[in-house]
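First comes the structure, then the notes that go with it.
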Amino acid sequence: MFDMAGPSTSPSWSDLPIDILLSILQCLELPQALAFASVCTAWRVAATTAGVPGSCTPCIMSWGNHLEEMQLHRRYSSAVTCNLYHPVDVDKSYGVSFPKVCFLVCCGASHGWLILANDISNLVLCNPVTMAMIPLPPVTDFTDVKAVCGGYHRGTSFYEAKRLAIWFYQKAVLSCSPSKDGAYVVMVIHDDSACISFVKAGQSKWQVASTLSRSDRYLDCAYHKGRFYTVTLNGMVEKWNLDGANGPTREVVVVARPLPVECILARHLVSTPWGDLLQVRAKPAVKYPDGIAFEIYKVDPDGCNVVQENVLGDHALFLGLNHSACLHTKNLPGIRRHCIYFSAPVITHAFDFLLQLRVWGGARTYDLERRRFERVVPFSDTKKLVYGICPSEVWITQNL
């Protein structure tokens, strides 16, 4: 017998009502939500409605709860879940859970990858969307770190295995995404910001590039036009060649000009889409509404020359523990031009001064025209006590 009504039409997943799709999205963490958005147009629309960040949108990842647990109770969870916020809508967050023992502290973010320290203070590259992991050489490669029963000796001091990383690493940066072609380099500022070391893809040993005297320390590093650049507290900018036959070599682009420690809070190097290398300085400024000013300089062979704030045009800066970024706001809905999106990096040289401020920790926007901060992601009183040493936020974009 024939069905005169013709072939039946099978229900399509894309025809699910949007309220059901939104309910499903509320139960997902970020990696699953991103996969959800890639299924079809209807699901992508639902994901956009729910606030799932686009692949090009910088988000702020916070591990403040994990930091509080470590500081207050000296407990280390077997797994860590961080919160991911869009800077425009911080009322909505997505969870990102990391496997057991891989997340002690975060030391940096570059090209969609995190540089994490695990429970024995070794660094690991982690893609928070795909959860791909790449272990880096152990902390015992560094000359002043020795493994002993229960932890490490660093010089004459003893550190528990799970706590060395908090004090030892200050910032780590990738030259490119490991997903791209595998030819990445990791540079790390470490040992009280006195040293920089690096490791190339496939190598099994860290190589020390530089050790500073006690009168200076490294504040930032960035990858620009095929070379790493570093900047110190005293303003020295170095350009590094890591491919020399006789080891790494440096060129001093800007000489150091020592200033009183309290005159500089942070220095960041930023590679721009138009080819310039900028240095952004944060410094105390009594006449400014929040007591802090940002100055933008262009790094030239003749030194650092101050530029007007409008050099950013329709771009915004993302600074902090991450590899600094200068991004066009055209395709970033809600991101404001002419602003600095700032999360606190590791700062120990001016820690006493920071404790007097109410506008430093957490993640914030700084309006270059109004010269003041606006909070993006709040932080608790507990985190405020430690944010100068232990940052709890980092800017990151997804890398699928």
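In a residue-by-residue description of region 114-127, the property of being in a strand (DSSP E or B) and either open to solvent by 60 Å² or more (accessible area, probe 1.4 Å) or more than 21 Å from residue 205 (Cα to Cα) (or both) applies to no position. If you go through region 204-213 and keep only what is without any contact (Cβ under 8 Å) to a residue 40 or more places away in the chain and either of a type in the set (A, V, I, L, M) or open to solvent by less than 20 Å² (accessible area, probe 1.4 Å) (or both), you end up with just 212. Note on region 210-230: residues that are in a loop (DSSP other than H, G, I, E, B) and of a type in the set (Ser, Thr, Tyr) amount to 2. Determine whether residue 174 is within 22 Å of residue 220 (Cβ to Cβ) and in contact (Cβ under 8 Å) with a residue 24 or more places away in the chain. For residue 174, the condition - within 22 Å of residue 220 (Cβ to Cβ) and in contact (Cβ under 8 Å) with a residue 24 or more places away in the chain - is met. Condition check for residue 53 on (1) touching a strand residue (DSSP E or B) at 6+ places or on another chain (Cβ under 7 Å); (2) at pLDDT 80 or above; (3) open to solvent by less than 50 Å² (accessible area, probe 1.4 Å): one failure, at (2). Under the condition of being in contact with a Phe, Trp or Tyr (Cβ under 6 Å, 6 or more places away or on another chain) and within 20 Å of residue 117 (Cβ to Cβ), which residue from region 174-184 is surrounded by the most Cβ atoms within 10 Å (Cβ to Cβ)? Only one residue tops the list, namely 175. Being among the β-branched types (Val, Ile, Thr) and under 27 Å from residue 117 (Cα atoms): is that true of residue 249 here? For residue 249, the condition - among the β-branched types (Val, Ile, Thr) and under 27 Å from residue 117 (Cα atoms) - is not met.
The set of residues in region 156-168 that are in contact with a strand residue (DSSP E or B) (Cβ under 9 Å, 6 or more places away or on another chain) and farther than 24 Å from residue 392 by Cα contains only 158.
Scanning region 359-375 for residues that are in a loop (DSSP other than H, G, I, E, B) and either at pLDDT below 85 or open to solvent by 70 Å² or more (accessible area, probe 1.4 Å) (or both) yields 359, 360, 361, 362, 369, 370, 371. Of all the residues in region 130-144, those that are crowded, with 18+ Cβ neighbours inside 10 Å and not in a helix (DSSP H, G or I) number 2. Remark: residue 212 falls outside the filter, which requires a residue to be of a type outside the set (Ser, Thr, Tyr), at pLDDT below 95, out of contact with any Asp or Glu (no Cβ under 6 Å at 6 or more places or on another chain) and over 26 Å from residue 246 (Cβ atoms). In region 145-169, the qualifying residues are those that are surrounded by 17 or more Cβ atoms within 10 Å (Cβ to Cβ) and part of a loop (DSSP other than H, G, I, E, B), and the one that is farthest from the chain's Cα centre (by Cα) is 161. The set of residues in region 310-328 being loosely packed, with under 15 Cβ neighbours inside 10 Å and farther than 15 Å from residue 275 by Cβ consists of 310, 314. Can we say residue 201 is of a type outside the set (Phe, Trp, Tyr) and in contact (Cβ under 8 Å) with a residue 40 or more places away in the chain? Here the answer is no, as residue 201 does not meet what is asked.
Filtering region 56-85 to residues that are outside any helix (DSSP H, G or I) and either more than 16 Å from the chain's Cα centre (by Cα) or at pLDDT below 75 (or both) leaves 56, 74, 75, 76, 77, 78, 79, 80, 81.
Residues in region 214-248 that are more than 17 Å from residue 324 (Cβ to Cβ) and open to solvent by 70 Å² or more (accessible area, probe 1.4 Å): 5 in all.
Tallying residues that are open to solvent by 50 Å² or more (accessible area, probe 1.4 Å), at pLDDT 80 or above and within 20 Å of the chain's Cα centre (by Cα) within region 329-358 yields 1.
The values are calculated or read from the model by the stated rules, or taken from the named source; none is laboratory data. Everything numeric here is computed off the predicted structure, so don't read it as measured data. Cβ: placed from backbone, ideal geometry, glycine included. Neighbour counts: every protein chain shown. In case anyone asks, the SASA skips ligands and DNA or RNA and just uses the protein heavy atoms, side chains included. Shrake-Rupley method; radii C 1.70, N 1.55, O 1.52, S 1.80 Å.
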